[in-house]
Amino acid sequence: QWFLNLLGNPERGFKFIHITGTAGKGTVATMMQNVLVKSVRTTGLFTSPFVTTSIEKIQVNELYIAPDEFAQIVEEMKPAIDEAFAKCPWGGPSYFERFLAIALVYFRQQKCEWVVLEVGCGGRYDATNVIPAPVISAITNIDYDHTHILGKTLTKIARDKAGIIKKGSKFFTTETRSRLRKIMEDICQEQGASYEYVQGSNKELVEAMAKAIGISGEIPEVKLPARFEIVQKNPLVIIDGAHNRIKIKH
């Protein structure tokens, strides 16, 4: 927040959709961007990590930020980065924080109405949680991942991810275990956010989220790179970025 204040608060002025979860959050975020763009809303998308090139993390209307625009923002941001390292009582911005700041500045330049943010890790203490209350927040599911940071139990992981729930937001989840949903529901009540459990797939989650903001119609399927991607058939070569048990299971 200290760093974003130096940049003129590029996190303000958007309608946010904030998405976390152990698996599927990148797919849900990309589908949600697609829905908003098709309904003629200028939309930014911030995802992580990237597969082949870092500019994949920042999109507007389904197009990556251009390398020269990326470089220009970085150049203009350097004095603020230096100032933060010199003066901020909490230290300078991390790699991830700088990347998020670049995205927000770019979204402001592109006059985005909506911004879809995928959480980097967890939720409560993730850099993306610096935003004001989103219109919609969502947790796809809860499972074991980043346990050295988020905690070694599903309860602790759920509480951390539920930290993105803010007052006045509409909250959605497809998590199937009632004891974990209870944690989310309780936090919704504490925060004054609405709660909806969606029984179904990522696509059905996006349908429910879209409906909540007045958008209906067919939700397009999306295919992300390195998600069980067949790159060669003879011999068969598959690239897959699954790195925890729930991703491997699916």
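One table, with the values for the structure above:
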item	result
Straight-distance crosslink candidates among lysines, where the alpha carbon sits under 25 Å from K152 and sequence neighbours closer than 8 are dropped	K25, K161, K166, K182, K247, K249
Cα gyration tensor, the chain - rounded (a/c under 1.5), prolate or oblate	rounded
For the stretch 1-134: accessible area per residue (Å², 1.4 Å)	43
Volume per residue of the C-alpha convex hull in the stretch 108-232, rounded to whole Å³	155
Accessible area in square angstrom per residue, the stretch 138-250, 1.4 angstrom probe	59
Three-way shape label, the stretch 194-233, alpha-carbon gyration tensor, a/c 1.5	prolate
Heavy-atom accessible area ranking, 1.4 Å probe, most first, across V40, V60, V51, V74	V40, V51, V74, V60
Rounded to the nearest 10 Å², the accessible area of K156 at probe 1.4 Å	120
Greater than 21 Å apart at Cα, pairs in K156/K203; K57/K156; K15/K211; K170/K211; K15/K87; K111/K203	K156/K203; K57/K156; K15/K87; K111/K203
In Å², nearest 10: area of E69 left accessible to a 1.4 Å probe	70
Carbon/sulfur fraction of accessible area - the chain, other protein chains in place, 1.4 Å, %	52
Pairwise centroid distance, computed over Cα atoms, of the stretch 25-77 with the stretch 130-171, Å	22
Exposure ranking of D186, D126 by accessible area [1.4 Å probe, largest first]	D186, D126
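The values are calculated or read from the model by the stated rules, or taken from the named source; none is laboratory data. Only a predicted model underlies this, so the values are computations on that prediction, with no experimental measurement involved. Calculation scope for accessible area: heavy atoms of the full protein, side chains included, ligands and nucleic acids excluded. Shrake-Rupley method; radii C 1.70, N 1.55, O 1.52, S 1.80 Å.
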